[in-house]
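Working notes, beginning with the structure itself.
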Amino acid sequence: MRQLYIALLGIAIGLTMQERKVEPTWLYREVSAAAEQKIDLSSETCHYTALFGEGDSEAKLPQSVARFGELTVASHGTCQLVEYPREEELYFVLGGTGMLHYGEESHSLSQNDFTYVPPTVRHTISNPSGEGLRVVVTTVRIPQETALAPPAPMAVANLNEIKEETVGGHPNSVLYKLLIGPHSGMRDRINATYTVADFFLMDFAPGGTNTPHHHEVAEEIYLVLDGEGQMAADGGMDGVQGLHHAKAGDAYYFRPNCTVGFYNQKSSAAKAHILAVRVFVPMPKNPD
């Protein structure tokens, strides 16, 4: 009788484990295949393609990233006016021209411009031009216990203003442009964030790599702007068992402690650029 009980218990446990969904350590999305989703910014002329977070099938997986996706504003279109009490936003212009409306201020936007919108500021994007405007939008939650400073004046910058540089701990075969970082820092072009650790561009030389690594207290997103190579995702610290072909328009989300890295192709003309954002995640409190 005891043996029968043990056997039945084993079957029950096995069924329970099969039914339990294992959360992935990383996600892959292809921009061209992602579906449009309606969000608070959406209008008849403002369309949002969800990649990670809000609107995505795995929306609950990111911890601090509320949403990451592409906003397309039609010619002479405009998005809805929004304001977030405990969220900060990063915008990066992929193509076209437009206007950022920030409180009582407005600023023109063009390709490769980037900007930061702090919490409590009412803002929107419009497109008075005759061509479409494409913008990468990253919205990040700010913990309730984080003290907020009064919003700073609007700051808009462009990639062309920033010199490439190496970053300690990474090979010289990848150069960085440090775009937006913490308000307590001084190294980035715009120093203003609360939860965002880094918003940056990586320029990979032929055969270049940033060496697979991981972050214990941060989640990260890579968007391949051009070029192609192999993305290291999970599979151990060396990334050998977790290499995936990556091309322009591919996006990857990495949970904390997930292996992340990129290997560029080795041909002489193999350049690759990746737009990346790294975001701190809240750590569980010790019950002791």
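The values are calculated or read from the model by the stated rules, or taken from the named source; none is laboratory data. Values in this document were obtained by computation on a predicted structure and should not be read as measured data. Here the Cβ is made from the backbone with ideal geometry for all residues, glycine too, and neighbour counts use every protein chain on show.
Descriptive notes on the structure:
- Here segment 26-53 is the region considered, the condition is being in a strand (DSSP E or B), under 18 Å from the mean Cα position of the chain (by Cα) and of a type in the set (S, T, N, Q), and the residue that is surrounded by the fewest Cβ atoms within 10 Å (Cβ to Cβ) is Gln37.
- Screening Leu201, Leu225 for residues that are touching a residue at least 24 places away in the same chain (Cβ under 8 Å), within 30 Å of Leu148 (Cβ to Cβ), in contact with a His (Cβ under 9 Å, 6 or more places away or on another chain) and part of a strand (DSSP E or B) leaves exactly one candidate, Leu201.
- Scanning segment 127-145 for residues that are of a type in the set (Val, Ile, Thr) and either more than 21 Å from the chain's Cα centre (by Cα) or outside any loop (DSSP other than H, G, I, E, B) (or both) yields Val135, Val136, Val137, Thr138, Thr139, Val140.
- Residue in segment 61-81 that is at pLDDT 95 or above, β-branched (Val, Ile, Thr), in contact with a helix residue (DSSP H, G or I) (Cβ under 8 Å, 6 or more places away or on another chain) and on the phi < 0 side of the Ramachandran plot present: no
- Yes/no for Ser57 being among the polar types (S, T, N, Q), surrounded by fewer than 16 Cβ atoms within 10 Å (Cβ to Cβ) and modelled with pLDDT under 95: yes
- Test for Ser110: is it without any contact (Cβ under 8 Å) to a residue 12 or more places away in the chain, hydroxyl-bearing (Ser, Thr, Tyr) and surrounded by fewer than 17 Cβ atoms within 10 Å (Cβ to Cβ): no
- Screening the candidates Tyr84, Tyr91 for the property of being part of a strand (DSSP E or B) and in contact (Cβ under 8 Å) with a residue 12 or more places away in the chain yields one hit, Tyr91.
- Scan of segment 51-86 for residues that are over 27 Å from Cys258 (Cβ atoms) and of a type in the set (A, V, I, L, M), ordered by number: Val73, Ala74, Leu81, Val82
- Considered as a group, the residues in segment 163-202 that are small (Gly, Ala, Ser) and either surrounded by 13 or more Cβ atoms within 10 Å (Cβ to Cβ) or touching a Lys or Arg at 6+ places or on another chain (Cβ under 6 Å) (or both) include one that is nearest to Val281 (Cα to Cα), and that residue is Ala197.
- Selection count where residues are of a type in the set (A, V, I, L, M) and over 24 Å from Leu223 (Cα atoms), scope segment 124-174: 5
- Residues satisfying the stated conditions in segment 173-198, i.e. in a strand (DSSP E or B) and under 15 Å from the mean Cα position of the chain (by Cα): Leu178, Leu179, Ile180, Gly181, Thr193, Val196, Ala197, Asp198
- Scope segment 246-261; condition surrounded by fewer than 20 Cβ atoms within 10 Å (Cβ to Cβ) and hydrophobic (A, V, I, L, M, F, W, C); matching residues: Ala248
- In segment 121-162, the residue that is nearest to Thr49 (Cα to Cα) out of those that are surrounded by 14 or more Cβ atoms within 10 Å (Cβ to Cβ) and polar (S, T, N, Q) is Thr138.
Here's the yes/no breakdown for (1) among the aromatic types (Phe, Trp, Tyr); (2) surrounded by fewer than 20 Cβ atoms within 10 Å (Cβ to Cβ); (3) in a loop (DSSP other than H, G, I, E, B):
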site: His244; (1), (2), (3): no, yes, no
site: Tyr263; (1), (2), (3): yes, no, no
site: Ser267; (1), (2), (3): no, yes, yes
site: Ala270; (1), (2), (3): no, yes, yes
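- Glu219 over 22 Å from Thr25 (Cα atoms) and not hydrophobic (A, V, I, L, M, F, W, C): no
- Complete set of residues in segment 203-238 that are of a type in the set (D, E, K, R) and either in contact with a Lys or Arg (Cβ under 8 Å, 6 or more places away or on another chain) or buried (at least 22 other Cβ atoms within 10 Å of the Cβ) (or both): Asp203, Glu219, Glu220, Asp226, Glu228
- Residues that are under 19 Å from the mean Cα position of the chain (by Cα) and among the polar types (S, T, N, Q) within segment 146-161 comprise just one, Asn158.
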